[in-house]
1. Pairs of alpha-carbon atoms within less than 8 angstrom and 6+ residues apart define the contacts here; what relative contact order does segment 78-237 have, in percent?
2. Say each of T280 and R306 gets a label point 7 Å from the Cα, pointing the same way as Cα to Cβ; how far apart are those two points in nm?
3. For segment 79-96, in order, what is each residue's ³J(HN,Hα) by Karplus, 6.51 cos²θ - 1.76 cosθ + 1.60 with θ = phi - 60°, in whole Hz (x at glycine and Pro)?
4. Counting DSSP beta bridges in segment 277-462, what percent are antiparallel, to the nearest 5?
5. Helix 338-350: angle to the longest alpha-carbon principal axis of the chain, degrees 0 to 90, nearest 10?
6. For segment 8-17, just list the computed ³J(HN,Hα) in residue order, Karplus coefficients 6.51, -1.76 and 1.60, θ = phi - 60°, integers in Hz, with x standing in for Gly and Pro.
7. Run the accessible area of the chain with a 1.4 Å probe and give the carbon-and-sulfur part as a rounded percent.
8. Per residue, what accessible area does the chain have, given a 1.4 Å probe and all protein chains present, in Å²?
Amino acid sequence: MKVLQVTSEVAPYSKTGGLADVSAGLPAALAARGLKVKVFSPLYCTVREAAPSLTSLQSRPRIPSRFGELDARLFAQHSKPGLSFYFIERDEYFDRKGLYGTPEGDYFDNADRFLFFMRAALQACRLIRFRPDIIHCHDWQTGLIPAMLKSVFWDDPFWRKTRTVFTIHNLAYQGIFSREYMSVSGLPSALFSQEGLEFYGQMNFLKAGIIFSDRFTTVSKRYAHEIQSPEYGHGLDGVLQEHRARLTGILNGVDYSCWNPAVDAHIVQNYTPRDLEGKTKCKGELMSLFGLGGTLKSPILGMVTRLAEQKGLDLLLEAVPRLMRTGIRLVILGQGDEVYARAIRTLGRNYPGKIGVRVGFDPVLAHKIEAGADMFLMPSRFEPCGLNQMYSLKYGTIPIVHAVGGLDDTISAFDPVTGKGNGFKFFSFSASALHQEVRRALTLFKDQDLWKALMTNAMRSDFSWKNAARSYHQLYQKTLTADPYRPPQQPR
Ligand code: ADP
């Protein structure tokens, strides 16, 4: 089976969040199952830094745009048998510091940038003569591809057998743009309707992915359920309910060759559940990196996060005075909205030696926090899957989470009587619930035998990509054997 993954970020070449990790881990696991996988992504400047020796291809897709035809250059990186990465270059669109914007907001031309990317990806397939059985599209930046296949390319022999799968990694980001992009996109104007990709008078790229893909997925079973409710549906709950027969929840996996304390190259000493000496060394290093006071016995709570409202930073800010009275140390690494960046910097200044803060994107430090902290906090308002809690488990860094989406699916509350469970979770989205749960964790932390039992449970949990890749493979097979899905708005 030939599969094309189209994604706006892929680790280690480009990354703002979990999508990048998924775009690396899933293709590798699919290739290990024998599928032929190609990954297409934009060539940002970070890609050049991570892969200085990309191979330039002769083929140059020419892409219609509102500025006339623009050409793209293609670069390839062959990774493992059956797996290659292709990068689409157009410097005025992608050679920028941020992937989607700056701390002040989104780039004004994101619709043009990702329309160009989607069209270039489809063109490139023809040029390199790769006719995928499945195009797997990720998030709004690729949402119009299923619509293109169901309309302008419907009769095109090249695409006749190709089916699309679309994955929602985060429903909060929908790619909503002015309706003038309908004509720029080349899509038939009939698709601009309530049953199509219209959303309150504008164009919604994510909605297009939902409506026009043969199947669509999201990244945990719980989130698949939640997004059909007004509370988590971001205005699309009705659409999701209507189309739920094509929706599947598949939990993301973890790349344990990268996120595993036994082999992690970024941490000061490796460790395993049997030999935890290295974890104490990592904790010592973390304390000195962040100038934390206390002893190696003082509990440390870590956080690595995008600074966005979704991540529950307001709860944390409200809970900090109470948390500080418990004697816990806090380490935060984050990048994103300026309001939160300012707020956490202030915390660092107000609690020197107790709260350590780094504003920025630092993958190496993220590993050091996973390894050096005792507990990991994820108070997300909503969380489609969440990767950090799964990473934390492997590092024996006990997650304390708000029980939503993938956090609820992966974390089970520890029961000191039965010895079962791998973390702590709170159910009400409030600062006092967060504070209570941290206190519960701190009480258990004092009983080092029980804490070790909990760490062992956590470190033994297995969320490897193998399981997720099997589920996606089955979904692709089902999609290929079923009759092609006919969307309500197919203009034929
Ligand atoms: P989301 O995709 O919503 O940001 P996930 O938990 O799914 O959340 O994935 C977050 C990924 O991004 C993890 O790999 C995490 O380590 C990484 N990450 C987030 N913020 C930072 C940061 N400031 N520096 C380094 N890595 C970060």
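1. So the answer I get is 21 percent.
2. 3.9 nm
3. In residue order, the calculated couplings are 9, 10, x, x, 9, 9, 10, 10, 10, 9, 9, 7, 4, 5, 9, 10, 7, 10 Hz.
4. Looking only at bridges with both residues in segment 277-462, the antiparallel portion is about 5 percent.
5. Tilt of helix 338-350: around 10 degrees.
6. 8, 7, 8, 6, x, 7, 8, 7, 10, x
7. 50 percent
8. Heavy-atom accessible area per residue stands at 40 Å².
The values are calculated or read from the model by the stated rules, or taken from the named source; none is laboratory data. This one's a predicted model, so the numbers in the text were calculated from it and none came from an experiment. Neighbour counts run over all protein chains shown; Cβ positions are idealised from the backbone, glycine included. When the accessible area is computed, the model is the full protein with side chains, heavy atoms only, and any ligands, DNA or RNA have been set aside. Shrake-Rupley method; radii C 1.70, N 1.55, O 1.52, S 1.80 Å.
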